[in-house]
Every structure is written in C-alpha cells, then in structure tokens.
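Have a look at the structure below before the remarks.
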Amino acid sequence: MNGQCSEWSMFRYSENSSRPVDEISIQELKVLAGEWELDTGSQEEKGAAMAKLIGIKRLKADVKERLVGSS
C-alpha cells in the first residue's frame with residue numbers, strides 16, 4: 001500500500017477515538033462495509049452499523065449520508 005486511497009485494502013481504525021467521517025475516504029469506507037459484510041439490511045441499518053464500528057455514538061444526517069453512500 002503506497003498511500004494511494006484507491007488502493008486501500010483495509011480500514012484504518014483509530015486507537016484513541018473515532019475518526020471524523022468526512023476525513024475518511026469513500027474507498028476506505030467501502031473496505032469497512034465489505035470487511036464486516038454489511039451488504040444485508042436496510043441502508044439505515046448499514047449506516048448505523050458502520051458508525052458503531054468507527055466509534056461514532058451519535059449519527060447525524062450528514063454522517064449517515066456519507067456512510068450509507070459508501071456501502
């Protein structure tokens with residue numbers, strides 16, 4: 001992995017806290033969705049599951065839109 005976000009093959013979890021969703025590339029979010037087999041359930045359920053995995057406790061509309069759009 002040479003830093004090109006289109007080549008990311010894993011999601012980078014934060015050690016200390018949640019990462020701001022707007023700072024996570026869509027490619028990396030897609031890796032997260034695939035990593036946890038989030039292909040089932042409603043879009044809302046997928047967004048909530050991804051938020052939980054990232055460490056987001058309160059899912060605001062803009063964050064939900066980004067997460068759902070990437071899954």
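None of the figures in this text is laboratory data; all of them are computed from the coordinates on show. The structure presented is a predicted model; accordingly, all values stated were derived computationally and were not measured. Positions of Cβ are backbone-derived with ideal geometry, glycine not excepted, and every protein chain shown enters the neighbour counts.
In whole Hz, what ³J(HN,Hα) sequence does region 14-30 give by Karplus (6.51, -1.76, 1.60; θ = phi - 60°), x for Gly and Pro?
Couplings: 7, 7, 9, 7, 6, 9, x, 4, 5, 9, 9, 5, 4, 4, 5, 5, 5 Hz.
I'd like the FRET efficiency for Met10 and Arg66, computed as 1/(1 + (r/R0)^6) with the beta carbon distance as r and R0 of 25 Å, rounded to 0.05.
The computed FRET efficiency comes out at 0.85.
Step through the residues of region 61-66 one at a time and calculate ³J(HN,Hα) from phi using the Karplus curve (6.51 cos²θ - 1.76 cosθ + 1.60, θ = phi - 60°), rounding each to whole Hz and writing x for Gly and Pro.
4, 5, 5, 4, 4, 5
Using 0.36 nm per residue, how much length does the chain from Lys57 to Glu23 gain when fully extended, once their Cα-Cα distance is taken away?
10.6 nm
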